[in-house]
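Colleague: This is the structure I want to talk about, given as structure tokens.
The values are calculated or read from the model by the stated rules, or taken from the named source; none is laboratory data. Because the structure is predicted, anything quoted here is derived from the model rather than measured. Every residue, glycine as well, gets a Cβ built from its backbone with ideal geometry; the counts of neighbours run over all protein chains shown. When the accessible area is computed, the model is the full protein with side chains, heavy atoms only, and any ligands, DNA or RNA have been set aside. Shrake-Rupley method; radii C 1.70, N 1.55, O 1.52, S 1.80 Å.
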Amino acid sequence: INPVSVAVDSKGKIYVASNVSNAGGSEVTTYNADGTKTTPTITLPSAVDVVVDANGKIYVASGGSEVLTYDANGAQTTPTITNGLVGASSVAVDTSGKIYVTDGAAGATERGSLTTYTASGTPTTPIITGLSGPSGVAVH
């Protein structure tokens, strides 16, 4: 496996997003704080970033046109964020549930952005455009 992102939840569980070289896709693998593998393992076409919110929801930036959301058991849930994304490169969630997504854009004339979304996935402010290849976002 080729790890691309790591997140740790409030209980100490470790989530590793990785490209699976022999399978041609990606997965998010979960480990206990002692390093033993546990559930869930989420298999998906592509993953470049993973974050877990205070309620245990798992958010995965695809590197493409979406951010996918999973519950603590690994079942896909809402929101799935697709609104205007071209190259979702990172995701973060603050304590109020606001979701922050950087989009690296994918064309020679396009620029990257940071867009925020409500907990239900509706775009909100701030929206910052004109960024050159943003690849990370963090909140406190």
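Colleague: Can you list the aspartates and glutamates whose alpha carbon is less than 15 Å from that of Lys13, not counting same-chain residues fewer than 8 positions off?
Modeller: Answer for Lys13, where 15 Å is the Cα cut-off: Asp34, Asp53, Asp71, listed by chain and number.
Colleague: Given Cβ point charges of +1 (Lys, Arg) and -1 (Asp, Glu) and nothing else, what value in debye, to the nearest 20, does the dipole of the chain about its Cα centre take?
Modeller: Values: 6 positive and 10 negative charges, 19 e Å.
In total the dipole reaches around 80 debye.
Colleague: Summing +1 for each Lys or Arg and -1 for each Asp or Glu, what net charge is found among the other residues whose Cβ lies under 12 Å from the Cβ of Tyr100? Don't skip to the end; give the middle numbers.
Modeller: Working: positive: Lys98; negative: Asp49, Asp53, Asp94, Asp103.
For residues surrounding Tyr100, the net value is -3.
Colleague: Follow-up. Based on the alpha-carbon gyration tensor of region 1-123 and its eigenvalue square roots a ≥ b ≥ c, which shape applies: rounded if a/c is under 1.5, prolate if not and a/b is larger than b/c, or oblate? Intermediate results must be reported in sequence, preceding the final value.
Modeller: Numbers: a/c = 2.06, a/b = 1.30, b/c = 1.59.
Since a/c reaches 1.5 but b/c is at least a/b, the shape of region 1-123 is classed as oblate.
Colleague: What is the extension gain from Gln76 to Val8, computed as 0.36 nm multiplied by their sequence separation minus the C-alpha to C-alpha distance, in nm to one decimal? Walk me through the numbers on the way to the answer.
Modeller: On the way: separation 68, 0.36 × 68 = 24.48 nm, distance 1.91 nm.
Result: 22.6 nm gained on full extension.
Colleague: Let me ask you something else. Quick one: accessible area per residue over the chain, 1.4 Å probe, rounded to a whole number of Å²?
Modeller: Details: 7000 Å² over 140 residues.
Per-residue accessible area for the chain comes out at 50 Å².
Colleague: Right, next: Explain nothing, just the number: relative contact order of the chain, from Cα pairs under 8 Å at least 6 residues apart, as a whole percent. Numbers along the way, then the final one.
Modeller: On the way: 386 pairs, mean separation 20.2, N = 140.
Relative contact order for the chain comes out at 14 percent.
Colleague: Related question: How large a share of the accessible area of the chain, in percent, is made up of carbon and sulfur atoms when the probe is 1.4 Å and the other protein chains stay in place?
Modeller: Numbers: 3500 of 7000 Å².
Looking at the chain in its full context, I get 50 percent from C and S.
Colleague: Would you mind classifying region 1-69 by shape? Square roots of the alpha carbon gyration tensor eigenvalues, ordered a ≥ b ≥ c; an a/c under 1.5 is rounded, otherwise it is prolate if a/b is larger than b/c and oblate if not.
Modeller: Details: a/c = 2.23, a/b = 1.28, b/c = 1.75.
Oblate is the answer for region 1-69, as a/c is 1.5 or above yet b/c matches or exceeds a/b.
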